[in-house]
Structure formats: C-alpha cells, structure tokens
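This report refers to the structure that appears directly beneath it.
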Amino acid sequence: MTITDFPTTASGVRDEVPDPLFPAASHPAEPASPGEQALAAARFQLAEASRFLGLDEGLHLMLATPRRSLTVSVPVRREDGRMEVVQGYRVQHNLSRGPAKGGIRFHPSTDLPEVTALAMWMTWKCALAGIPYGGAKGGVAVDPGALTTRELERVTRRYVNEILPLIGPEKDIPAPDVGTDEQTMAWIMDTYSANAGYSVPGVVTGKPMTLGGSLGRAGATSRGVQIAALQALSRSPEDATVAVQGFGKVGALAAQYLADAGCRVVAVSDATGAVVRRTGLDVAALRAHAAEAGSVYGYRDADALSHDELLEMDVDVLVPAALEGVITASNAPRVRARLIVEGANGPTTPEADRILTEAGVTVVPDILANAGGVIVSYLEWVQNMQAYSWSANEVEVKLRDLMTTAFQAVASLSEERDLTLRQAAHAIGVGRVAEAHQMRGLYP
Ligand code: NAD
C-alpha cells in the first residue's frame, strides 16, 4: 500500500492529539506576529494530514521543516542619496518532486516565518495540482508603494543578486505575489541573465509577453478561483452574490471572471477601503477606476463599507484575495457567506476553520482555489524550456483540465472520508510529497 492509498482506519482528522514536534501547532492560539500565526497554521494543517496518512515522526519532521532558508540584507540607495538596509528571504521548503516554485512578495510585514509558511503551502499546492515542482517562497520587507520605480528596481536587482546561488530554471523559479508584478519579473530575469551571460527566460514566470511570458498567466490565479467557485457553488451563478476582499492581481480579475460567469459581485475592498452596491457592481468600471485612482476608494456608483463589514456580508460567496489571517476566531462566527473560496494564501486561521465547518460553511482551501497561478506558471516554464509558445486557448484548456482534476480528487476524498475540503486537499498534497520521499529514500 502506498501513502496516497490513504489508510482505511482513519476518517475525519479533527481530533485533539497534540503535535509531538510542534506543540503550538496542535493548539494554534493565534501567536504573536502574522507570520508566526501563518506558520503555526501551516504546521497545524500538516500535523492533521500526517496523522490521517499515518506518517512516521521522522517523515513528518522532514515535511515540517524547510529544506533551505536564506535571509539576506538588501542595501538600497534612495533617490536622496541615503542608504537603507531591508531584509529579504528565500525559503525552499521541499524539492522532492522537482525544482522549487513560488512567488516573491514585497510587503513591509514580510518575515521569515511568513515566507516559510507560504513556501510550505506551495509544496502541497504543486503536488495537489499534479505539476512537477517543490515549494518555495521569497519576500522582501519593503513597502513598494513608498519607493520610486528606480528604487524598486535597485531593491529587486540587489535581492536577486543575493539569492542568485539558489535560483535557476532547474533549481528554483520565482513568480509574482503581493506587491510584485511582471515588471519585477522582468528585472529578475534580466539580473539573472546578466550574471549567466545569456538570456534565461525560464528562471522566472509571470514575465511580460515580450520576454517569454505565457498567454493567460496574468489572469490565471483568478481564472482558477472562478473555476473552483463554480464547481463548489450549489446554485446557478445568476442566483449568487459575491464579495471579494483584495482588489489586486488576484481579486480584481476574480471579481471580473465571476461577474462574467453571471454572479452578482456586490462588494469589494482593497487596503484603503471597501465599496458596496447590493444591485451589483460594474466590475469593469470599478477596475478602470482603481487603475486610475490607485484604489477602489471613491468609486462613485457604490457606497462605502468598512473592511470588517465586507467579510461579514450576507452574500453567497466570499473570496478573500488579500493577505493571510483575516478570518479568525473572533470574526468567523459573524461570517454569513455559505461558500468561501480562498484566492489568498492562508486567509483563514485553523480556529476560524473549525468554527466555519461547524456552522456548515464550505471553504475551498487556498492550495486548491488559487492553484491556477502556479499551474499556468508551470505552463509558461514548459514553453520557455521548449523555446515554444502556445495559444491562449491551449493554455486555458490545460489550466481548466488540471484545476478540475484537482478539484474532483479533493471533493471525492472529502466525501468518502468525511473530511473538510482543506483536510482532503492537504491529505492528497502531503501524501504525494511523502510518497516521493519514500521512493527516493534518504541520502546518505
Ligand atoms: P496584490 O499585491 O496584487 O494585491 C493585494 C490586494 O490586497 C491589494 O488590492 C491590496 O490593496 C489588498 N489589501 C491589502 N490589505 C488589505 C486589507 N486589509 N483589506 C482588504 N484588502 C487589502 O497581490 P496578489 O498577487 O493579488 O495576491 C493576493 C493574495 O493571493 C496573496 O495571498 C497571494 O499570496 C495570493 N496568491 C497570488 C497569486 C498570484 O498569481 N499573484 C497566486 C496564488 C496566490
């Protein structure tokens, strides 16, 4: 029997056996920093999956600790001549199934525990999606909005220079995340290529089309959110109302694609505020407003709303697409959506998850719901490695196929074994990685 045959004795994994390796992860008491909280949540989810799969303690320990973590100091010269130093990170959580893959985040509160948690989620996400990658994540503790474009370019290039020994098209392939975009990816590709002495498009994904980007990558995460939401929705899209938290790369297009599918998007928020219109927002007009004004704030055809109110709105579908740890034990009892589709990574704490499950709320977990981004990143990388490009339709068909296959595997296991969708998704992702470890054996 292999690990992913799933032991038949276990069903439902929400018991209270303490995690022997990380006791705090067994009782995630919402620890100090958001990053520590995210890491405790990731370890809690892993501990649940390990128990369900019957993994031994040694294998659990290997999966709970990152393969490599690099912390770098990034000196940056500001426009006025001052020099500042910011911290940067790259964590490769697991490499057992292929090169490491994961985005780079520019955000002031980014720290090593947060990047470690995000890298761990990437490992399970790639395994669940059936793509041949391990998991990684990177981050720099800067506020990109407070830097000029030239300062941002200098930060990016110096950070890449510091993590250069780790990355490469066959080793570790970054991508965009919060606060980074295709321009950032172009600078990464250029810095790496300048050091290599030739162009290496496959070192990074989410690139501009002109540098080997893939058709469909910009909207891929959001398209995946749409696919997952429509699969999980128990009513026709025309009868469903939606609220979206976060109006960046993932949230804005998730709102658009859900509206395109017939849903009524009634509220969205970004870091500056939230807007609501019960009869339905014109998402295209709102995107145009946000592109010009820099935020949804001030959009005329809607009323203002608070951040908290958006999460607690009476809607059918809630799409958190901003940061982690936003649905917690304190606001979960007031969440009225019946379906949560996690565009963001780690938006729901384990305690909130338990409250939502008990209240009958369906949560499509991050490692499934937002896997569209890494799936099309993989397709971009395959095109780069072949020096070839596919049509938008070819990319869309492959994305839809991989997303649907993953969704159905999770839904079936959840049904068969009385697991939440998150528990089932982790059981499959963790199981595939554990199996790869067992097949490869331990060197030396
Ligand atoms: P982004 O930087 O493009 O957008 C983030 C958005 O969140 C912005 O609109 C910002 O204003 C908003 N925001 C920040 N704090 C907020 C708050 N308190 N309330 C409401 N909105 C707030 O980032 P992104 O790439 O869209 O990533 C969003 C989430 O999706 C992250 O969790 C990221 O890890 C995850 N994700 C991104 C991708 C991708 O391809 N970009 C793929 C998978 C998962």
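Could you tell me which residue of segment 300-310 is nearest to the ligand (Cβ to nearest atom), considering only residues that are open to solvent by 10 Å² or more (accessible area, probe 1.4 Å) and within 23 Å of the chain's Cα centre (by Cα)? Steps first, answer last, please.
So in segment 300-310, the residues open to solvent by 10 Å² or more (accessible area, probe 1.4 Å) come out as 300-309.
After this cut, where a residue has to be within 23 Å of the chain's Cα centre (by Cα) as well, the list is 307-308.
Details: 307: 5, 308: 10 Å.
Looking at the filtered set, the residue picked out is 307.
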*Quick one: residue 111 ticks every box in (1) open to solvent by 10 Å² or more (accessible area, probe 1.4 Å); (2) touching a Phe, Trp or Tyr at 6+ places or on another chain (Cβ under 9 Å); (3) away from the ligand (no atom under 15 Å from the Cβ) except a single one, so which number is it?*
(3)
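If you go through segment 315-327 one residue at a time, do you hit one that is open to solvent by less than 10 Å² (accessible area, probe 1.4 Å), more than 15 Å from the ligand (Cβ to nearest atom) and not hydroxyl-bearing (Ser, Thr, Tyr)? It would help to see each step written out before you state the result.
Here is the first cut: in segment 315-327, the residues open to solvent by less than 10 Å² (accessible area, probe 1.4 Å) are 315, 317-320, 327.
Okay, now just the ones that are also more than 15 Å from the ligand (Cβ to nearest atom), so 315, 317.
The next check asks that each one be not hydroxyl-bearing (Ser, Thr, Tyr); those that pass are 315, 317.
Looking for residues that are open to solvent by less than 10 Å² (accessible area, probe 1.4 Å), more than 15 Å from the ligand (Cβ to nearest atom) and not hydroxyl-bearing (Ser, Thr, Tyr), one finds at least one in segment 315-327, hence yes.
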*Given the conditions (1) crowded, with 21+ Cβ neighbours inside 10 Å; (2) more than 13 Å from the ligand (Cβ to nearest atom), report the number of the one that residue 334 does not fulfil.*
(1)
*Count of residues meeting criterion [open to solvent by 40 Å² or more (accessible area, probe 1.4 Å) and either in contact (Cβ under 8 Å) with a residue 40 or more places away in the chain or under 19 Å from the mean Cα position of the chain (by Cα) (or both)] in segment 179-200*: 2
*Of all the helices (runs of 4 or more DSSP H) wholly in segment 339-420, which have at least 2 residues that are at pLDDT 95 or above and more than 16 Å from the ligand (Cβ to nearest atom)?*
350-358, 372-385, 392-417
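Is it the case, given these coordinates, that residue 360 is out of contact with any Ser or Thr (no Cβ under 6 Å at 6 or more places or on another chain) and without any contact (Cβ under 8 Å) to a residue 40 or more places away in the chain?
Details: out of contact with any Ser or Thr (no Cβ under 6 Å at 6 or more places or on another chain): yes; without any contact (Cβ under 8 Å) to a residue 40 or more places away in the chain: yes.
Here the answer is yes, as residue 360 does meet what is asked.
Among the candidates 229, 240, which residue alone is more than 9 Å from the ligand (Cβ to nearest atom) and crowded, with 24+ Cβ neighbours inside 10 Å? Please lay out each step first, then the result.
Details: 240 fails: crowded, with 24+ Cβ neighbours inside 10 Å.
On inspection, the qualifying residue turns out to be 229.
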*In segment 366-423, which residue that is surrounded by fewer than 22 Cβ atoms within 10 Å (Cβ to Cβ) and of a type in the set (Gly, Ala, Ser) is farthest from residue 348 (Cα to Cα)?*
387
_Within segment 201-226, take every residue that is within 15 Å of residue 400 (Cβ to Cβ) and charged (D, E, K, R) and give me the one that is surrounded by the fewest Cβ atoms within 10 Å (Cβ to Cβ)._
223
*Tally, over segment 61-74, of residues that are open to solvent by 10 Å² or more (accessible area, probe 1.4 Å), in contact with a helix residue (DSSP H, G or I) (Cβ under 7 Å, 6 or more places away or on another chain) and closer than 14 Å to residue 123 by Cα*: 2
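Going by the structure shown, is residue 101 open to solvent by less than 10 Å² (accessible area, probe 1.4 Å) and in contact (Cβ under 8 Å) with a residue 40 or more places away in the chain?
Values: open to solvent by less than 10 Å² (accessible area, probe 1.4 Å): yes; in contact (Cβ under 8 Å) with a residue 40 or more places away in the chain: yes.
Yes: the conditions hold for residue 101.
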_Considering only segment 284-299, I want to know if a residue exists there that is within 15 Å of the ligand (Cβ to nearest atom), under 19 Å from the mean Cα position of the chain (by Cα), of a type in the set (A, V, I, L, M) and open to solvent by 80 Å² or more (accessible area, probe 1.4 Å)._
no
*Considering segment 173-204 alone, what residues qualify as being in contact with a Gly (Cβ under 8 Å, 6 or more places away or on another chain) and under 20 Å from residue 93 (Cβ atoms)?*
173, 174, 175, 176, 177, 178, 180, 203
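The values are calculated or read from the model by the stated rules, or taken from the named source; none is laboratory data. Not measured: the values here are computed from a predicted model. Quick reminder, even Gly has a Cβ in these numbers, built from the backbone with ideal geometry, and neighbours come from all protein chains shown. Keep in mind that these areas ignore ligands, DNA and RNA; they rest on the heavy atoms of the full protein, side chains included. Shrake-Rupley method; radii C 1.70, N 1.55, O 1.52, S 1.80 Å.
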